[in-house]
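Trainee: If you scroll down you'll find the structure; I have some questions about it.
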Ligand SMILES: [Zn+2]
């Protein structure tokens, strides 16, 4: 017999020593299942549906930047949230992507079980694949609940990851310009 997601949560509550029949917990398995499904809804999305043709011809070959994109994800090791910001940039070669699409690409990968390094890489590769850009840069700064609430309990450490492709990797000037524009250069 396979259990449904709410039934699994009910079992988890019992394993923790709780009484799933007490008033406050009666609907918890159902609510927790629904919340978890929402937090993982990126599995039901794909790049084609997200982009949905919002790729426009443009002569612009200057860096396009979207910074401070709110990011909520779940670490795949502890199923605990990590929360932060993503900054993305690319250098178009004839095609630009609707700005909201950049944010939606970030979201699609964030709403899966992740480690921050892979999340950063997947976002960069997806933008590269869709735009055929001359370069793509992604920086993520995030705080991990698995570090803050358990384990080493480091409350103030932020993890930074970055992936630089093409021009951002090859040209120091381009990379510095990007880091300056997102306020990360010294
Ligand atoms: Zn973790």
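The values are calculated or read from the model by the stated rules, or taken from the named source; none is laboratory data. The model shown is predicted, which means the values in this text are computed figures rather than measured ones. Virtual Cβ from ideal backbone geometry, glycine too; neighbours counted across all protein chains shown.
Trainee: Confirm whether residue 175 is farther than 18 Å from residue 51 by Cα, in the same structural domain as residue 65 (by TED's automatic domain parsing), touching a helix residue (DSSP H, G or I) at 6+ places or on another chain (Cβ under 7 Å) and in a helix (DSSP H, G or I).
Mentor: So residue 175 passes the test.
Trainee: So, residue 76, is that one touching a strand residue (DSSP E or B) at 6+ places or on another chain (Cβ under 8 Å), within 27 Å of residue 173 (Cβ to Cβ) and within 16 Å of the ligand (Cβ to nearest atom) or not?
Mentor: no
Trainee: Restricting to region 23-51, count the residues that are closer than 26 Å to residue 122 by Cα and part of a loop (DSSP other than H, G, I, E, B).
Mentor: 3
Trainee: Just a yes or no: is a residue in region 142-159 away from the ligand (no atom under 16 Å from the Cβ), buried (at least 18 other Cβ atoms within 10 Å of the Cβ) and not in a helix (DSSP H, G or I)?
Mentor: The answer is no, given that none of the residues of region 142-159 is away from the ligand (no atom under 16 Å from the Cβ), buried (at least 18 other Cβ atoms within 10 Å of the Cβ) and not in a helix (DSSP H, G or I).
Trainee: (1) without any contact (Cβ under 8 Å) to a residue 40 or more places away in the chain; (2) in a helix (DSSP H, G or I); (3) more than 16 Å from the ligand (Cβ to nearest atom); (4) under 21 Å from the mean Cα position of the chain (by Cα): which one isn't true of residue 124, the others all being true?
Mentor: Every listed condition holds for residue 124 apart from (1).
Trainee: I've got another one for you. Collect the residues in region 52-82 that are in contact (Cβ under 8 Å) with a residue 60 or more places away in the chain and within 15 Å of residue 118 (Cα to Cα), keeping them in residue-number order.
Mentor: Once the filter is applied, which keeps residues that are in contact (Cβ under 8 Å) with a residue 60 or more places away in the chain and within 15 Å of residue 118 (Cα to Cα), region 52-82 yields 71, 73, 75, 77, 82.
Trainee: Then there is this: Evaluate the following for residue 137: is it touching a strand residue (DSSP E or B) at 6+ places or on another chain (Cβ under 6 Å) and in contact (Cβ under 8 Å) with a residue 24 or more places away in the chain?
Mentor: Yes, satisfied.
Trainee: Can I ask one more? Can you name the residue in region 127-141 that is in a helix (DSSP H, G or I) and crowded, with 16+ Cβ neighbours inside 10 Å and is also farthest from the ligand (Cβ to nearest atom) among such residues?
Mentor: Within region 127-141, the match that is farthest from the ligand (Cβ to nearest atom) is 131.
Trainee: Suppose we filter region 86-99 for residues that are assigned to a loop (DSSP other than H, G, I, E, B) and surrounded by fewer than 21 Cβ atoms within 10 Å (Cβ to Cβ); how many remain?
Mentor: Residues that pass the stated criteria total 3.
Rundown of residues vs (1) part of a loop (DSSP other than H, G, I, E, B); (2) surrounded by fewer than 16 Cβ atoms within 10 Å (Cβ to Cβ), yes/no style:
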| residue | (1), (2) |
| --- | --- |
| 53 | yes, yes |
| 56 | no, yes |
| 59 | yes, yes |
| 69 | no, no |
| 73 | no, no |
| 84 | no, no |
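Trainee: Say whether the condition of being free of Cβ contacts under 8 Å to residues at least 40 places away in the same chain, within 15 Å of the ligand (Cβ to nearest atom), surrounded by fewer than 19 Cβ atoms within 10 Å (Cβ to Cβ) and part of a helix (DSSP H, G or I) is met by at least one residue in region 100-121.
Mentor: For region 100-121, residues free of Cβ contacts under 8 Å to residues at least 40 places away in the same chain, within 15 Å of the ligand (Cβ to nearest atom), surrounded by fewer than 19 Cβ atoms within 10 Å (Cβ to Cβ) and part of a helix (DSSP H, G or I): present.
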